[in-house]
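Data first, discussion second: the structure below is written as structure tokens.
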Amino acid sequence: MAVTGILGGAFDPPHVGHVALAREAVRHFGLDRLLVRVVEHPGHKRVTTPAEARLVLAQLAFADVSGAEVELDRHARTVDSLEALALDEPVLVIGADEFAGFLEWKRPERVLELAHLGVATRPGYPRARLEAVLAKLSRPDRVELFAIEPVRASSSPIRARVERGEPIDGLVPALVAAEIERIGLYAPSPSGR
């Protein structure tokens, strides 16, 4: 049976950490497909970059990840997206930080009915935080932790670096950096604010 993974996010912009997570998830879970879902209007964070621009950046970022298919997700909440996809036993790939807040998600138990969770942990992340969430779930057996090498990249500081005119080499894939520059994304307004 083909195994499908799902990796969702705002990807504002997608960075090398996202790509490393995708690659390791494909390897660890033996994924045949990885649906990279660019969330149009994330329910958990404010995003001002148009979804179409983030979609193009994500297509460039994940172009050489085996089995990756990048698409727009019009659902603000994961459970609604999973209901709409109606996949057979997919693996929802999330980071340890996201899992630490999993109980605050919309209908977390339903998320576990619809998908297995593949939770990426990095060295030094407090295991007690994850154990506390697992202890409160009715189906902790639907959660699998897997280790990834830490990658120091985060979308907010990347946007700030671009706005200040600083290089982002090594923080985002080269094609993403080129596209950000080409379209002038995150650059300061001409008025200088």
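The values are calculated or read from the model by the stated rules, or taken from the named source; none is laboratory data. Values in this document were obtained by computation on a predicted structure and should not be read as measured data. Quick reminder, even Gly has a Cβ in these numbers, built from the backbone with ideal geometry, and neighbours come from all protein chains shown.
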Name the one entry in Asp97, Asp141, Asp80, Asp73 that is of a type in the set (Asp, Glu), closer than 21 Å to Lys45 by Cβ and over 14 Å from the mean Cα position of the chain (by Cα). Asp80
For region 18-55, what are the residues that are polar (S, T, N, Q) and within 13 Å of the chain's Cα centre (by Cα)? none
Being part of a helix (DSSP H, G or I) and over 20 Å from His116 (Cα atoms) is the requirement here; does Val56 meet it? yes
Can you tell me which of Ala115, Ala153, Ala160 is under 19 Å from Lys45 (Cβ atoms), in contact (Cβ under 8 Å) with a residue 60 or more places away in the chain and of a type in the set (A, V, I, L, M, F, W, C)? Ala153
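Just a yes or no: is a residue in region 152-171 in a loop (DSSP other than H, G, I, E, B), under 21 Å from Gly5 (Cα atoms) and not aromatic (Phe, Trp, Tyr)?
No, region 152-171 contains no residue that is in a loop (DSSP other than H, G, I, E, B), under 21 Å from Gly5 (Cα atoms) and not aromatic (Phe, Trp, Tyr).
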What pairs come out if I take residues in region 12-24 that are of a type in the set (Val, Ile, Thr) and pair them with residues that are part of a helix (DSSP H, G or I) whose C-beta lies under 6 Å away, six or more apart or interchain? Val19/Ala61
Scanning region 162-185 residue by residue, those among the β-branched types (Val, Ile, Thr) and either at positive phi or out of contact with any Leu (no Cβ under 9 Å at 6 or more places or on another chain) (or both) turn out to be Ile168, Ile183
Give region 111-137 a look and list any residue that's part of a loop (DSSP other than H, G, I, E, B) and either on the phi > 0 side of the Ramachandran plot or at pLDDT below 95 (or both), or say none. Arg122, Pro123, Gly124, Tyr125, Pro126
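Across region 31-53, what is the total count of residues that are under 23 Å from Glu113 (Cβ atoms) and modelled with pLDDT under 95? Let's see the steps before the verdict.
Step one: filter region 31-53 for residues under 23 Å from Glu113 (Cβ atoms), giving 31-37, 39, 42-44.
Pick out the ones that are also modelled with pLDDT under 95 and you get 42-44.
Residues meeting the conditions: 3.
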Identity of the residue in region 100-110, touching a helix residue (DSSP H, G or I) at 6+ places or on another chain (Cβ under 7 Å) and part of a helix (DSSP H, G or I), that ends up farthest from Thr78 (Cα to Cα): Ala100
Pick out the one residue from Ala177, Ala135 that is surrounded by 13 or more Cβ atoms within 10 Å (Cβ to Cβ), farther than 27 Å from Gly30 by Cβ and without any contact (Cβ under 8 Å) to a residue 12 or more places away in the chain. Ala177
